[in-house]
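The values are calculated or read from the model by the stated rules, or taken from the named source; none is laboratory data. Bear in mind that the values here come from a model prediction, so they are computed numbers and not experimental data. Please note: Cβ atoms are built from the backbone with ideal geometry, for glycine as well, and neighbour counts cover all protein chains shown. We work out accessible area using only protein heavy atoms, side chains counted, and drop any ligands, DNA or RNA first. Shrake-Rupley method; radii C 1.70, N 1.55, O 1.52, S 1.80 Å.
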Amino acid sequence: KHTEPVWQVRWQQDDIDNNLNFYSISSDGRVCCWTLVKNELNCTDIIHLRLDEGLQEPSTDSSQLVQLGSGTSFDFHRSLDYLFLVGTEEGKIHKCSKAYKSQFLDTIIAHQMAVYQIRWNVFHPKVFISCSADWTVKIWDHSYHKSEPLFVFDLGSSVGDVAWAPYSSTVFAAVTADGRVHVFDLSVNKYSAICDQMVVSKKKTRLTHISFNPNQPIVVVGDDRGYVTSLKLSPNLRKMPKEKKGLAAMQAGKQPSKEEQEVTKLEKLMALVKEPEPSKKE
């Protein structure tokens, strides 16, 4: 078992023997895989969050102590089963693989304080979002040649959680320690929230988590006093892309799928802020 608090758990697909399994991350610096075999729950360490040795081979000296960072959040890629991101209390984001226990694929110094949440975009396979105690929400492209965010939003208070909307690649919501919910739509405003609302009745109530309903225009928000608040999104916060009909559809030819439309929509916004990759000298 873990030796310090577990901050997140995530179900994964059944293994090759069709056993149920899930992953956990903890302040003890370990990401673990738990597999249910018959009536036993077996634990396997997937990766150790080494502070300064994340990109080095482990030492053969067994007497040497290895200092581990504190894991706070993680998320698995939606199509690449082996790839996952890990956020730490030190403000770093590690790109990891299930196949490499002793190495990170990449490390980003993402935030000045603890990373509270990381989530891959629902539609775009290269984009993820992070939030932190340093008051910021940042959007990243993990294939971008520069290790810097594409968008940064300062919410004026510690950001406890962030979530992508299930219906749009450009909509996300975040909750902050001052009791506010912030809803963004990058296709409407790339610089600030389109809705910013106080949802707690008592002062000093800290919002901790937010989740979109997968089918209905509803979000639920949890706080540190034990309350869960259900909120319905107004129509301007849940605009769906219009479908081409009649002559317009015939002229456009084959209609792209909703997923393709959402990826294209976000790609256009990202292209506005990306710097071109420097040409390689022969």
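Being among the polar types (S, T, N, Q) and either modelled with pLDDT under 90 or buried (at least 16 other Cβ atoms within 10 Å of the Cβ) (or both) narrows it down to one of 230, 192, 234, so name that one.
Details: 230 fails: either modelled with pLDDT under 90 or buried (at least 16 other Cβ atoms within 10 Å of the Cβ) (or both); 192 fails: either modelled with pLDDT under 90 or buried (at least 16 other Cβ atoms within 10 Å of the Cβ) (or both).
Result of the check over 230, 192, 234: 234.
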- Identify the single condition in (1) open to solvent by 60 Å² or more (accessible area, probe 1.4 Å); (2) of a type in the set (S, T, N, Q); (3) closer than 19 Å to residue 211 by Cα that residue 143 does not satisfy, given that it satisfies every other one. (3)
- Item | Members of region 107-125 found to be among the hydrophobic types (A, V, I, L, M, F, W, C), over 17 Å from residue 168 (Cα atoms) and either at pLDDT 95 or above or not in a strand (DSSP E or B) (or both), listed by number | 110, 113, 114, 115, 118
- Item | Flag for residue 154 being at pLDDT 95 or above and open to solvent by 30 Å² or more (accessible area, probe 1.4 Å) | yes
- Query: Would you call residue 169 touching a Phe, Trp or Tyr at 6+ places or on another chain (Cβ under 9 Å), among the polar types (S, T, N, Q) and crowded, with 21+ Cβ neighbours inside 10 Å?
  - Reply: yes
- Task: Output the strands (runs of 3 or more DSSP E) that fall wholly within region 130-236 and possess 1 or more residues being over 14 Å from the mean Cα position of the chain (by Cα), or say none.
- Result: 151-154, 171-176, 180-185, 195-198, 207-212, 218-223, 228-232
- Out of (1) surrounded by 14 or more Cβ atoms within 10 Å (Cβ to Cβ); (2) farther than 22 Å from residue 10 by Cα; (3) at pLDDT 95 or above, the one residue 128 does not meet is (2)
- Task: Spot the failing condition for residue 119; the list is (1) in contact with a Leu (Cβ under 6 Å, 6 or more places away or on another chain); (2) closer than 22 Å to residue 189 by Cα; (3) open to solvent by 20 Å² or more (accessible area, probe 1.4 Å), and only one is missed.
- Result: (1)
- Checked against (1) farther than 20 Å from residue 93 by Cα; (2) surrounded by fewer than 23 Cβ atoms within 10 Å (Cβ to Cβ), residue 184 satisfies every condition except (2)
